[in-house]
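The structure appears below as structure tokens.
The values are calculated or read from the model by the stated rules, or taken from the named source; none is laboratory data. As the structure is a computational prediction, the values presented were derived from the model and not from experiment. Ideal geometry is used to build each Cβ from the backbone, glycine not excepted, and the neighbour counts take in all protein chains shown. All accessible areas refer to the heavy atoms of the entire protein, side chains included, with ligands and DNA or RNA removed. Shrake-Rupley method; radii C 1.70, N 1.55, O 1.52, S 1.80 Å.
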Amino acid sequence: VQLQASGGGLVQPGGSLRLSCTASRRFSSINAMAWTRQAPGKERESVARVTDGTRTSYADSVKGRFTLSADKAENMLYLQMNNLKPEDTGVYYCGAVGPDDAAWSWGQGTLVTVSS
């Protein structure tokens, strides 16, 4: 599956952004989708994940601030990010895996910068 992430940008602390991820495959053919991020000089970390279209999980650092949603008709996954903090800065990647995939596929990433 091919993925295209967008929606990143520069935002002040306390602001909001919505990231979008377009999948080349219908959601009915995808088992799970996820967002990960990589901050400068740090390892990549999981942010949020949805499995079987219904079960969601979030990193403790973003719980209560980030929310996953989807438009199944358009094969779009969204990550609404509210009350952003400087530590949310990083490149955000969208990933997906289907029942016949040997591994996760990841898009090219979109940069989020939280700074005043």
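Could you order the peptides 30-40, 49-59 from most to least packed, using the average number of other C-beta atoms within 10 Å per residue?
30-40, 49-59
Which whole-number value in Å² is the accessible area per residue of the stretch 1-107, probe 1.4 Å?
About 54 Å² of surface per residue is accessible.
With every protein chain left in place and a probe of 1.4 Å, what is the accessible surface of residue 45, to the nearest 10 Å²?
80
Work out how much length residue 104 to residue 61 would gain on full extension: take 0.36 nm times their residue separation and subtract the Cα-Cα distance, in nm to one decimal. Write out the running numbers ahead of the final one.
Values: separation 43, 0.36 × 43 = 15.48 nm, distance 2.31 nm.
Full extension from residue 104 to residue 61 adds 13.2 nm.
Can you give the net charge of the other residues whose Cβ lies under 13 Å from the Cβ of residue 12, counting K and R as +1 and D and E as -1?
It works out to a net charge of 0.
Within the accessible area of the chain, what % is carbon and sulfur when the probe is 1.4 Å and the other protein chains stay in place? Spell out each step's value before the answer.
Numbers: 2800 of 6260 Å².
Exposed carbon and sulfur together represent 45 percent of the surface.
With a sphere of radius 12 Å drawn around the Cβ of residue 109, what net charge do the other residues whose Cβ falls strictly inside it have (Lys, Arg +1; Asp, Glu -1)?
Values: positive: 37, 44; negative: none.
Overall, the nearby charge balance is +2.
Quick one: net charge around residue 83, please, counting Lys, Arg +1 and Asp, Glu -1 for every other residue with C-beta under 13 Å from its C-beta.
For residues surrounding residue 83, the net value is +1.
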